[in-house]
Amino acid sequence: MSESGDREAEAESEVLVGEHGVLAEASPPPPPPPDLTAAAFFDVDNTLVQGSSLVHFARGLAARKYFTYGDLARFGYAQAKFQLTGRENSDDVAAGRTKALAFIEGRPTSELATVGEEIYDEIIADKIWSGTRALAQMHLDAGQQVWLVTATPYELAATIADKLGLTGALGTVAESVDGVFTGRLVGDILHGAGKAHAVRSLAIREGLNLRRCTAYSDSFNDVPMLSLVGTAVAINPDSALRDLARERGWEIRDFRTARKAARIGVPSALALGAVGGALAAVVSRRDGGH
């Protein structure tokens, strides 16, 4: 066959002849059948997103004059502590979410949803761990549900889930009345044992078999959720979770390579964290510790 004939044959192989002899492109492969009883549950901070999603969100809010940069310094101190220790502290989590609720009090829920999408595109999208994203896609490709389970406010968690094409999110719920945030919580912060309770409730609602489910987290605080499912995976684990994962035979995935750390500028981040901590202390003293 001539060279031109070969090209024609290749072109023909890339299309299908539709009804009435009309040429049409080949259809994409069909989606996998749903795996109705299995799902994956992902923590967000330091598991899916580098650092604290709430601090990234706070940066975006500060740029939009939702609060002062002195307030942001306090968030920066918590972020620096989180990065240095690799561990969340329940008191820090509670204080951070309480402050965040104060910032959104009186704001329309629709406004926060819009701003959340903007901040995701501007800041958070570049903070997604590609390795964790690939794991989530693996579950989606298997026809399984994929849920984010996080202490982060629900609106932000839902935005992240939507942007990544995930099933949905379970997060801390801020109360709203007539479409306006009140500055109060509905229930407790979704943290620690609260995550396990939320996952168990979701499993009942969705008809999931928890023994066929998988959970991912970086934090020892999430051991209740990790222990609830058939497969637990430690992602970028803190030291306590790493030790427990080794003891229990859980898989460990760590995406914090030296090359990655250099690329995102860890030395600078640590330096800024130290400055932020000092500034936070000054602001705290100026405000009388409130």
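Odds and ends about this structure:
- Cut-off under 5 Å, modelled amide H: who pairs with Ser176 long-range: Thr182
- Inter-label distance for Ser201 and Gln137, nm, one decimal - labels placed 7 Å from Cα along Cα-to-Cβ: 3.3 nm
- Legend: ranking of residues Leu190, Leu156 from fewest to most surrounding C-beta atoms inside 10 Å; resulting order Leu190, Leu156.
- Label point distance in nm, Asp254-Asp162, each placed 7 Å from Cα along Cα→Cβ: 3.7 nm
- Net length available on complete extension from Ala193 to Val180 is 1.8 nm, with 0.36 nm assigned per residue and the Cα-Cα distance removed.
- Amide H within-cut-off set for Arg107, under 5 Å, with H built and near neighbours excluded: Phe181
- Net dipole in debye of the stretch 120-255 [+1 Lys, Arg Cβ; -1 Asp, Glu Cβ; about Cα centre; nearest 20]: 520 debye
We did not get these values from a lab; they are worked out from the coordinates using the rules stated. For clarity, every value in this text was computed on a predicted model and none was experimentally measured. Cβ sites come from the backbone with ideal geometry, for glycine too, and all protein chains shown count toward neighbours.
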